[in-house]
1. So if we plug the beta-carbon distance of residue A:57 and residue B:283 into 1/(1 + (r/R0)^6) with R0 = 22 Å, what FRET efficiency do we get, rounded to 0.05?
2. May I ask for the distance between the Cα centers of region B:238-289 and region A:247-266, given as a whole number of Å?
3. What number, in percent, do you get for the relative contact order of chain A if the mean sequence gap of Cα pairs under 8 Å and at least 6 apart is divided by its residue count?
4. Could you grab the relative contact order for region B:274-391? Cα pairs under 8 Å, six or more apart, rounded to a whole percent.
5. What percent of all Cα-Cα pairs in region A:178-302 falls in each 5 Å bin, counting up from 0?
6. Provide the packing ranking of B:349-359, A:28-38, A:233-243, i.e. peptides ordered by the mean count of other C-beta atoms within 10 Å per residue, highest first.
7. Using alpha carbon centroids, what distance separates region A:89-155 and region B:104-142, in Å?
8. Can you give the mean number of other chain Cβ atoms that lie within 10 Å of the Cβ atoms in peptide B:44-51?
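Rule-based calculations on the coordinates, nothing more; no lab input. A quick note: this is a predicted structure, and the numbers were derived from the prediction, not measured. So basically every Cβ, Gly included, is an ideal-geometry build from the backbone, and we count neighbours across all protein chains shown.
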């Protein structure tokens, strides 16, 4: 396929196994030719889907070689049988690939509370593995979609010590959709050779800045999963926290994951705008984040953006409602570079109203209390959001 | 006026002073013939409206004799001038009533960030005070409305030691309304003679069970105010925490305030349903409350109720998302008395779908972790909510 993205040593495949009633691709596989270093970030919801439980156990070893993903069924709230099915899905793949079962991770997204049709899946594993090819990653990006309007794939290439390194990520999310809630899945593939503890640390940090900094409706799925595989085939000098190659890798990873996160918000259910909320001047990073999220999750703020109204009152009120104390007079609020509120009073202007018509808008809140900052992305709240979520039948 | 509610020793009045462009009643006054014991609960938002700042200072003394309230303008985010205007509004009333200025409390609700038209207000204070009458409390309930669809007034009468005691409350809220955010105002009047520290304690407790247990959109206003005045004219044996009359007073107060809180949710912007969320079996009351609020503020849950879909997956996922750990298998979820989820699996049935069509619905979540409980009221999320809040122009 012309223009498809390759990551050296990785292969992808996606087939229609019959889980989705519409007959679309619903079973996908990513595989590395060699065992890769691996790290993962998973939902903190008390209700964890079966594949999440499986992955959390397996990823402790810090390595993996394949990820099998089905869409159309979340295999969540399915009890003991659900766990057995997740394991069976993995085993069918490991046997066919001829690799250790423990090296296969699994992910599911779709309707919750329904039994995974494991027979359909095991029957499709033959064609799935048979279809693995170096141009298959884009097909996987499509195969993991549920109600996503477009596939999400990002990559960066850079040179380190004469070796080209690729960092590529795919993602799906975040409408709540097909069934019940917003599941976000993301798989990051890189041919970089990187120390496992370094990989794990930088991946956590990148997840905090990207997938953990977005909100469409403040809800957290039972299935949220982000996994990184680094297979080392680039042959670079291994990256560690103190190595020269660290910054290049980190920057590429941050860039890929932040771009994916923005795409997820853009594709949020009913979203018409991408809103970036930056909080500066907080005493602690936790304070900054709490205030940014209070603004990002405020239905009053989100509907004001849908209505294209630069309603500073709703924004400062959300900022002031978290229980974190700051002097009201010190807060400054900007939309792009236009001040909306300072010295305790609001400022309304024609310029701000014009900016509200854009489809990407940046809000800056300065607290004047310290030096900590946070950045969160959110979407507006539209009629379409209510339609999608009220009309869906569980 | 026939059928109007009287509270011995209290008078009410409401006039059109010209703050509201439509010409409706917008300036109201409650006055007691004698100094009353007083307690208040105010917004914890960092941005506090000028009258809130004024009241928080004055109520420390534990007594008050009048409350003046304007609607149509919040006198919030108005700086130093806003505070002077709140004080001027109070002074105009105290001079005309011939009472100490410190005994007058003030409240405002309406557009934020606009200067209070204090001349209009002081000009109207003559007719306002002149109109005070024992049947005027209902007029005040109407005069404090902004986009409320109906006035909210509740009362209970009971006998204690041969004396009849009245507890009456009025409230407005909780759409975000006229301008920017949901302001909730409530004034509770009673002729009971009650010890000040007892009044303060039981009022805080009642506010926690009522106004602090409701959510329409999880937003907190700059102007939220609840005040109780107890003028003692019933001549009962003074109520204290250890007196025989305590339980009767507390029950009447809880009843009045919970009824007002339910009315506020019922009148929430775009609300079509009142949803009661009960969490039982938590380790701490804080845990129970946090989980109840996570469900109550989930847009996925709220849209499911609007769509009349008994979507248990959204409810358990919201319950599991707070960071409070509990074993997923121990959670039980009921709608009214119909189980929706237990032993780790969902139960769907025709009965649950029928119950979702009701306009008052009770959800019960049992965690099986301890003995603490919480109760929260919320509304559904409808197209009308988006309309009201997106189309309003600040």
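1. On the way: r = 27 Å, r/R0 = 1.22.
The calculated FRET efficiency here is 0.25.
2. Rounded to whole Å, the Cα centres lie 47 Å apart.
3. Working: 972 pairs, mean separation 66.5, N = 394.
17 percent.
4. Numbers: 224 pairs, mean separation 55.0, N = 118.
Computed over region B:274-391, the figure is 47 percent.
5. All Cα pairs, binned at 5 Å, distribute as 2, 9, 18, 19, 17, 14, 10, 7, 3, 1, 0 percent.
6. A:28-38, A:233-243, B:349-359
7. 66
8. 6
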